[in-house]
1. Counting other Cβ atoms within 10 Å of each Cβ, which chymotrypsin sites (Phe, Trp or Tyr not before Pro) in the range 46-112 have at most 16 and sit in a DSSP loop?
2. Separation between the residue 88 and residue 135 pseudo-spin-labels, each 7 Å from Cα along Cα→Cβ, expressed in nm?
3. Taking the highest mean first, how do the peptides 124-132, 51-59 order by number of other beta carbon atoms within 10 angstrom per residue?
4. How large, in percent, is the carbon and sulfur part of the accessible surface of the range 65-168 at a probe radius of 1.4 Å?
5. So if R0 is 25 Å, what FRET efficiency would residue 37 and residue 102 give, r being the distance between their Cβ atoms, rounded to the nearest 0.05?
Amino acid sequence: GEYCSCPAIPVGGCGSRFTARDCSTSHRDSTSMRPRSLARRLALQYLHMVDLRGVDNVEPSAEFFAAHADATDVHTFATELVEAVLSQRTEIDAEISAAADNWSLARLGSIERNALRIGCAELRLAVTPDKVILDEAVRLAKLFGGKDSGGFVNGLLDRIYSQRGSAA
């Protein structure tokens, strides 16, 4: 389909999967979304751009979040998630790789990989109930990923969560 021209979805030549179809289901009514859900969605979009373009070739996250959401609490939480993922990416990616039997991290799609990264980073932050974190990561994967993305992210993030519980 055509790429979305709405400024709330980053498409500017990045080759992302965010298309005009997503516009009606994902962000047009973002004023009614819960602030943390919107923050997670923006964090996923930003990390997706980082994956596709490289961290040095995307606008600063503060500018991106300010352009796509009005609420300061959305900016704050989205920034917290992105910073947690980027600062702990090596550890988070190792955790995902260890749980992903027969799947290399490079083989995962950007949406699935970043939904998992956000979920892992948020589990590390320990400020949101674990069930909410898992549900939100699955929701992001279902919305922006392929038809099997939600189930894949659910299974893998549940395995990571279970391994953390047994390690504690």
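The values are calculated or read from the model by the stated rules, or taken from the named source; none is laboratory data. Owing to the predicted nature of the structure, the values given are computational and were not obtained by experimental measurement. Ideal geometry is used to build each Cβ from the backbone, glycine not excepted, and the neighbour counts take in all protein chains shown. We work out accessible area using only protein heavy atoms, side chains counted, and drop any ligands, DNA or RNA first. Shrake-Rupley method; radii C 1.70, N 1.55, O 1.52, S 1.80 Å.
1. 103
2. Label at residue 88, label at residue 135, 2.2 nm between them.
3. Per-residue Cβ counts within 10 Å, averaged per peptide and sorted highest first, yield 51-59, 124-132.
4. 51 percent
5. 0.20
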